[in-house]
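**Student:** Starting off with a structure, shown below.
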Amino acid sequence: MMSKHLTEAELEFIVERVIKNAEYAAEDYKNEKNEFNDGRKLAYYEILDTIRNELEAREIDLSSFGLGIVLEKLL
C-alpha cells in the first residue's frame, strides 16, 4: 500500500473537525449531564490535548490549528 503524507492544510481541516465535534460533545453534556456525555466530552479533551502536545513538541504554531485555546473552557 502506498503511503500518503498529509499536507498542513489537510491536517488543519482534520483538527478543525475534531474541535467542532468536541464543541458538540460539550453542548450535549450541558444539555444532558450523564455518564455517556461526560465520557464523550473527556475523550475529546484527551484527543485535543494529545494533538496540542504533539504540535508543541514540534514547535508548530497552535493557533493555525485552532488550538491556541484553553481546552477547559471549550470542554
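The values are calculated or read from the model by the stated rules, or taken from the named source; none is laboratory data. Since this is a predicted model, take the numbers as computed values, not measurements. Ideal geometry is used to build each Cβ from the backbone, glycine not excepted, and the neighbour counts take in all protein chains shown. Remember, those area values only see protein heavy atoms, side chains included, never the ligands or the DNA or RNA. Shrake-Rupley method; radii C 1.70, N 1.55, O 1.52, S 1.80 Å.
**Student:** Any idea which of Leu48, Leu67, Leu42 is assigned to a loop (DSSP other than H, G, I, E, B) and of a type in the set (A, V, I, L, M)? Let's see the steps before the verdict.
**Tutor:** Values: Leu48 fails: assigned to a loop (DSSP other than H, G, I, E, B); Leu42 fails: assigned to a loop (DSSP other than H, G, I, E, B).
Only one candidate passes the filter, namely Leu67.
**Student:** Right, next: Say whether the condition of being under 12 Å from the mean Cα position of the chain (by Cα), open to solvent by less than 60 Å² (accessible area, probe 1.4 Å), hydroxyl-bearing (Ser, Thr, Tyr) and closer than 17 Å to Glu72 by Cα is met by at least one residue in the stretch 12-29.
**Tutor:** No, the stretch 12-29 contains no residue that is under 12 Å from the mean Cα position of the chain (by Cα), open to solvent by less than 60 Å² (accessible area, probe 1.4 Å), hydroxyl-bearing (Ser, Thr, Tyr) and closer than 17 Å to Glu72 by Cα.
**Student:** Quick check on Ala25: is it without any contact (Cβ under 8 Å) to a residue 24 or more places away in the chain, assigned to a helix (DSSP H, G or I) and out of contact with any Asp or Glu (no Cβ under 6 Å at 6 or more places or on another chain)?
**Tutor:** No, not satisfied.
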